[in-house]
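Enquirer: Structure provided below as structure tokens; questions to follow.
Any read-out appearing in this document is the output of simple, stated calculations on the displayed coordinates, not a laboratory observation. Bear in mind that the values here come from a model prediction, so they are computed numbers and not experimental data. For neighbour counting, all protein chains shown are included, and Cβ atoms are generated from backbone atoms with ideal geometry for every residue, glycine included.
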Amino acid sequence: MEVDSVFYTDHSGRVNANPLLDQLPSYQSLLYRRKSSTVASKRRSSSRARLGSSGSGKWGVSTFGRNEEKPRSPVPQRPVRELPKTMAEKRTDKTQRQEENQELGRLGRLRLSARRFLRRLRDDAHERLSSLKLWRGDIHLIEGTFGTGILSYFSFLRFLVALNLFIFVLMFSFVMLPIIVAPSASGNITYNQNAGGPCRVYPSSARRGLVIFHEHITDLLSGGGFLEQTYLFYGYYQVDKIYFPNGTYNLPLAYLLVTVAYLFLSLIWIVKRSATGFKQNLVQDEDRFQSFCNKIFAGWDFCITNENAVRLKRSSLLYELKTDLEEERIKQKIADRTRKEKCRIYLIRLVLNLFVIAVLASCFYSIYVATVFSQKEQIKNNKENFIVDLVYEYLPSIVITMANFITPLLFSVIINYEDYSPAFEIRFTLMRCVFMRLTSIGVLLFSLWSQITKCDKEHCMCGYNHKLYSCWETRVGQEMYKLTIFDFIIIVAVTIFVEFPRKLIVNYCDCGLAKWWGQQEFAIPQNVLEIVYGQTICWIGTFYSPLLPAICTIKYIFIFYIKKVSLMANCRPATRPFRASSSNFFFLGVLLIGLALACLPVSFSLAQINASQACGPFVNYNTSWEVLPATVSQLPHGIKTLLFALSSEAFAVSFFVVTCLAMFYVIALAGAHKRVINQLREQLAMDGRDKRFLIQKLCQAQMVSGVNSPVSKSQPRRSSSRSSPSYHTSFSNNFNEAVFLAQPPPNSSTHV
């Protein structure tokens, strides 16, 4: 709309606002707000309205002449290729910019060319760095074939590879490298001596003499034998100090600080990566109407090129729309429930949840019994048979794997009788599976520690059962190592012996059972839970087995190629995909739960359980944490005073107060942003009402012009014509469509 159409000039030459715009709903709403304000605010707002334009206040409906009064400040120009315009408009903008650049001086053109050169250099560097990303071509192939849903799993797997590699670099640089470099750098290593009491006796399980071949395989799978005396486990690092020509390296302190560092840096990295996904998830769940619009108008994945994947994507979108409608129906059903129906469904849920708790308790008890039995058989050291010995070694891992396989199937059947919404059914089932998988690791560690600390007065003089577990950290590291190896074996076995034969049966067998069984689906949440389970084991076991991150890195690399081959050859995308598969927020949320669970046993081991007096770097300390205050006590007085002040209660209270103030500021800022968002939504609703009002006025003007025209007076007006409808009829149809599109979105709380 031009400025001349907004303003008109009266007989005295004054410029007044168009009275039509004073009738807009937005302006009427603004006048209502002005009436409820104070006299001073009414004067200021009315003066602004008259100086500017009618209805120019909050809603900005008639601010057409404001740009004429006050020019905008210069804004840096974006590159032409990044503008959301057509090619013809981009060419016009490029020509216009070239003409403007010709008017600049020599210094201005030099600055502009330097800015362009730096931008191109940055883009080239970013492109080269992105080309060096791991599995870049494979990721693009998966994205082009199956879309971004399944791509999120492989991107998450690549993130875990980078995370484990980073943890391994930390452990190698500060724990292993000083021991390796010390002899070549004229360093003197002070080892902890295995003498001075019964606690320092360390009977090694390394085999001597002629060893049978299958015993090497047993050692490789169990972490015992020759592997026990390598860099793989905690017991090998029997070093107290490393004396270099330029200083002394405290290995126990480095071991403790690296453990705290990799847990803390993992937390920072995961939180930073999940922030983007959290904001996207928050926006998507904000409004149900917006969710419908996103699925209908922006739900298609244009990266898909495979015909089968296109058909599955279409069916998944239809399924999601049906699920949304089903959720709305269930919400209405919940709202219409009587008191008797509520009591019945709550009673059913209570009984089923008690049954789930009983199933979980039985699984945890089975893990405890299997761990105790496995430890007793390993302590006896009776070599009966190669297979039997492996079963005894891997009995806790076998029980945990069977529980992780059976309980999800049972949970998926139970959830059907609890009458939840479809989306909540998926989330609740997954949270039960997460609890089962991650808590089983905690039960295993509790079982181990109950055996380590279970002793009589004679055997507990060291704070643990030193007769059976002289180096208990290595024993815990061996259990984490066995869980990692067995988890990898299960993934490979399922792919080779289940998914591949199933594909052959479905493709080459025409029986009804094979068609009912169908092709294997690539279930994203279940696959994510597998690798989160493995990553939790890695976080816990890194303290007891410093080389475990390197093993997990190699494991995840193999898993990437195994899953890729299985996806391309055996599997198809899930017809009912989890909604969070398009973003990584759910994956990283579950990973944060795994990290929190990993921090608990590691912290308890560092601070509460007595360190082994026969192996490891903490022989000279009661607990691993004691190395930190012992090192601080040897620092100069000024640094020691500063550290004591930072750890005092006064500093803790002050830091807590400052943190609370910062949190309150962030909450207030979030509330202000929320109010602005609500105002913008109201403005969009007002814009829709203004459009509807203007369309009504335009229709009235068309009708008045049609009545007053000489053609209408000379020719009678036909009531209806099936063959050639009038312009007014077609305009009315367009008007109805425009009014429908101009309606504000319904509120999520009232939309059904």
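Enquirer: What does the extension gain come out to for Lys94 and Val492, with contour length at 0.36 nm per residue minus their alpha carbon separation?
Expert: Fully extending the segment from Lys94 to Val492 adds 137.7 nm.
Enquirer: Starting from the Cα of Arg136, step 7 Å along the direction of its Cβ; do the same at Arg675; then give the gap between the two resulting points in nm.
Expert: 4.8 nm
Enquirer: Using a Förster distance of 60 angstrom, determine the FRET efficiency expected from the C-beta separation of Gln608 and Phe386, and round it to 0.05.
Expert: Computed FRET efficiency for Gln608 and Phe386: 0.95.
Enquirer: I would also like to ask the following. If packing is taken as the mean number of other Cβ atoms within 10 Å per residue, what is the order of 600-607, 531-538, 500-507, highest first?
Expert: Packing proxy ranking, top to bottom: 531-538, 600-607, 500-507.
Enquirer: How far apart, in nm, are two points set 7 Å out from the Cα along the Cα-to-Cβ line at Val80 and at Gln519?
Expert: With each label placed 7 Å out from Cα toward Cβ, I get 4.6 nm.
Enquirer: Considering Cα pairs under 8 angstrom that are at least six residues apart, work out the relative contact order of segment 323-461 and quote it in whole percent.
Expert: 36 percent
Enquirer: Can I ask one more? Check Val239: other-chain or 5+ apart residues with amide H under 5 Å from its amide H, H built from backbone geometry?
Expert: Asn192
Enquirer: Then there's this: Starting from the Cα-Cα distance between Ala361 and Ala596, subtract it from 0.36 nm times their residue separation and give me the gain in nm to one decimal.
Expert: Gain on stretching Ala361 to Ala596: 82.4 nm.
Enquirer: Based on the Cβ-Cβ distance of Lys272 and Ala701, what FRET efficiency does E = 1/(1 + (r/R0)^6) give at R0 = 56 Å, to the nearest 0.05?
Expert: After rounding to 0.05, the efficiency reads 0.45.
Enquirer: Quick check on segment 467-589: what are the equivalent-ellipsoid semi-axes from the Cα gyration tensor, as sqrt(5λ), descending, whole Å?
Expert: Gyration-tensor ellipsoid for segment 467-589: 34, 18, 11 Å.
Enquirer: For the cross-link pairs Lys313/Lys503; Lys482/Lys555; Lys376/Lys454; Lys380/Lys454; Lys85/Lys295, which exceed 19 Å when the distance is taken from alpha carbon to alpha carbon?
Expert: Too far apart for the 19 Å limit: Lys313/Lys503; Lys85/Lys295.
Enquirer: Provide the packing ranking of 609-615, 632-638, 555-561, i.e. peptides ordered by the mean count of other C-beta atoms within 10 Å per residue, highest first.
Expert: Top of the packing list down: 609-615, 555-561, 632-638.
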